[in-house]
Amino acid sequence: TRLGECLADRLRWLCLSDMKAGGALAADAFARLSQLLFLDLGQMDIHGRIPASIGCLKEAHTILLSRNHFEGTIPNDLGECTHLSILSLHTNQLCGDVPAALSRCAKLTYVRFDLNPGLSGGNVLATFPQGCFVQG
């Protein structure tokens, strides 16, 4: 609807944590949320992959996707979120390497990747800003 489109374009803060909504996120789930500053979808029982459209959250300073059932790799597109200071992806089923693209997020102060059995930090974790708390 037109109202939904208007709200999405202006939305700054979205906190839906602990709602246990379940399901998967659509590929374009974040495409219209370019002005979003804070996203908390923690503990929602979400399955599937983190959509590449997460890279559309270019203004976001906080992204919390922990305690879900996300699987697959962390999208390289997350590196487009250059204002990001807090990123929490712990307690999912993510695998592969933490993408090198995250090193472009120079404002990171807190990152959690732990409790993802198939995820490897590789050399990327050492490229995060000095003073950044990294658990993973």
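The values are calculated or read from the model by the stated rules, or taken from the named source; none is laboratory data. Values in this document were obtained by computation on a predicted structure and should not be read as measured data. Glycine gets a Cβ as well: all are built from the backbone with ideal geometry, and neighbour counts include every protein chain shown. Heads up: the accessible areas ignore ligands, DNA and RNA and are worked out on the full protein's heavy atoms, side chains in. Shrake-Rupley method; radii C 1.70, N 1.55, O 1.52, S 1.80 Å.
Roll a 1.4 angstrom probe over the protein heavy atoms and tell me the percent of accessible area of the chain that is carbon or sulfur.
54
For the range 123-133, in order, what is each residue's ³J(HN,Hα) by Karplus, 6.51 cos²θ - 1.76 cosθ + 1.60 with θ = phi - 60°, in whole Hz (x at glycine and Pro)?
Taking θ as phi minus 60°, the curve returns 8, 5, 4, 6, 8, 5, x, 4, x, 6, 7 Hz for the range 123-133.
With every protein chain left in place, what is the accessible area of LYS58 in Å² (1.4 Å probe, nearest 10)?
90
Using +1 on the beta carbon of Lys and Arg, -1 on that of Asp and Glu, and nothing else charged, what's the dipole of the chain about the Cα centre, debye to 20?
240
Given Cα positions, please report Rg to Rh for the range 69-112, the hydrodynamic radius being the Kirkwood one.
0.95
Rank MET44, MET19 by accessible area, highest first, at a 1.4 Å probe radius?
MET19, MET44
Taking the inverse of the average 1/r across all pairs of different Cα atoms in the chain, what Kirkwood radius in Å do you get?
14.8
Given a 1.4 angstrom probe, what's the average accessible area per residue across the range 2-134, in square angstrom?
Per residue, the range 2-134 has 50 Å² of solvent-accessible surface.
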